[in-house]
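**Q** I have a structure I would like to understand better, so I am pasting it below and will then ask my questions one at a time.
The values are calculated or read from the model by the stated rules, or taken from the named source; none is laboratory data. Since the model is a prediction, treat every value here as computed from it, not as a measurement. Glycine gets a Cβ as well: all are built from the backbone with ideal geometry, and neighbour counts include every protein chain shown. We work out accessible area using only protein heavy atoms, side chains counted, and drop any ligands, DNA or RNA first. Shrake-Rupley method; radii C 1.70, N 1.55, O 1.52, S 1.80 Å.
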Amino acid sequence: MIYEYALEPAVLTSWASNDRDYAEFLREYGLGTPRIVSSFPKKKASKLRSYLLQHSPQDEQSLAGQRYTEMVLKVVESIVVRDVQLQNTAEWAEAAVVENRRAPFDVILSSTDIQEGNNVTPASMYSQGSIWNHPGQINVSRTNEGLLAAVLNLIRLADEKIVIIDPFGWTAEAINFLQFMLQSITNNRVSEGFPAIVLFYKEKRGSDNSGNGSPSADHVRQQILQGLTGDVFNIQLEVFELRETANNDVFHNRCILTEHGGVITGHGISVSGDESHTDEAILMKPEIYQKKWRQFIEQNCFQVVSEAK
């Protein structure tokens, strides 16, 4: 539900001079949308910002110039960090082809046609069946494979943090999915580094009526790590058991967040394994994403019962 876009500066320049295209860019690209711009042809947001600003309209104080600057700043708010191989050519299109054949982008959006199967242009991206079109909500099978397919790019393209929020993230079914997800995290990555993994689950208090309570964060962390092999065994994994507090929101919704956005699901990561069971995965709008990021990462509006790192 998240896609990496290689975006030619000439396309941004064209859009900055058109009211409709400018408004559509602000609505359809960046955090909270399926389309996240790649750091290509650079490796860092700051380098991409400088590179794009070098392609500003000649009159930077014109309306088009001001729009272009605003669009560049929006682009670098949330980019896919890519370990770009240095190119000898200064031509964007030629370099994009070389990089695409090394490690494919999801979409190359260029001003003119490039002979690559994942290329679209402003003239072709609205065609029927265009790869530019991405659903914001999908139906998924409640299996490891089905749920992972819905969040695969969110996981694969993350460079900083993968945050899993699920009240029942401590159950055997949830741990089984986490192991399955983490075991695939090294596949087809465009960045060499591994993101930190953070799991938040809700405390369940045991009683005669409700059975055993939730295990400690340390126990959950050890259970997850025991099922991992290879390089991912050494991944940075943090687990938090949380308790709701007075005058704060409840811990109910289930979602997965990264720096590129978030996906919310009805059942969360406790998949049943039955292919006839389904769930819905929904891409979060920016305001919902920012609310969850603030609640769990920036402020942590819950009491920490136990934690393990």
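**Q** Set Lys and Arg Cβ to +1 and Asp and Glu Cβ to -1, take the dipole of the chain about its Cα centre, and tell me which of Pro195, His134, Val263 lies farthest positive.
**A** Pro195
**Q** Given a Förster distance of 45 Å, report the FRET efficiency between His277 and Lys47 from their Cβ-Cβ distance, rounded to the nearest 0.05.
**A** Values: r = 45 Å, r/R0 = 1.01.
For R0 = 45 Å, the calculated efficiency reads 0.50.
**Q** Out of Asn119, Ala96, Leu63, whose Cα points farthest toward the positive end of the dipole of region 3-120 (charges: +1 Lys, Arg; -1 Asp, Glu; placed on Cβ)?
**A** Farthest along the dipole direction, towards plus: Ala96.
**Q** Continuing with this model, one more query. With runs of 4+ DSSP H residues as the only contributors, calculate the mean residue ellipticity of the chain at 222 nm using -39,500 (n - 2.57) per run, divided by the residue total and rounded to the nearest 500.
**A** Details: 9 runs with 94 residues, N = 309.
Only helices count here, giving -9000 deg cm²/dmol.
**Q** Compute and list, largest first, the equivalent-ellipsoid semi-axes of region 137-308 from the alpha carbon gyration tensor, each √(5λ) rounded to a whole angstrom.
**A** Square roots of five times the eigenvalues give 23, 19, 18 Å.
**Q** Charges at C-beta only: +1 for Lys and Arg, -1 for Asp and Glu. How large is the resulting dipole of the chain about its Cα centre, in Debye rounded to 20?
**A** Working: 28 positive and 39 negative charges, 87 e Å.
Its charge dipole is roughly 420 debye.
**Q** Sort 97-103, 251-257 for me by packing, meaning the mean count of neighbouring Cβ atoms within 10 Å per residue, highest on top.
**A** Per-residue Cβ counts within 10 Å, averaged per peptide and sorted highest first, yield 251-257, 97-103.
**Q** Residues in region 270-309 near a label at Gln137, defined as backbone nitrogen under 18 Å from the 7 Å Cα→Cβ point?
**A** 278-289
**Q** Heavy atoms only, probe 1.4 angstrom, no DNA, RNA or ligands counted: give me Asp113, Asp166, Asp106, Asp249 ranked by accessible area, highest first.
**A** Largest accessible area first, the list is Asp113, Asp249, Asp106, Asp166.
**Q** What is the distance in Å between the Cα centres of region 273-300 and region 146-206?
**A** Taking the Cα centre of region 146-206 as reference, the centre of region 273-300 is 12 Å away.
**Q** Counting DSSP beta bridges with both partners in the chain, what percentage is antiparallel, nearest 5?
**A** In the chain, approximately 55 percent of DSSP beta bridges are antiparallel ones.
**Q** Sorted from largest to smallest, which semi-axis lengths in Å does the alpha carbon gyration tensor of the chain give for its equivalent ellipsoid, taking the root of 5 times each eigenvalue?
**A** 39, 20, 18
**Q** For Lys161, enumerate residues with amide H under 5 Å from its amide H, sequence gap 5+ or separate chain, H modeled in the peptide plane.
**A** Ala196, Glu259
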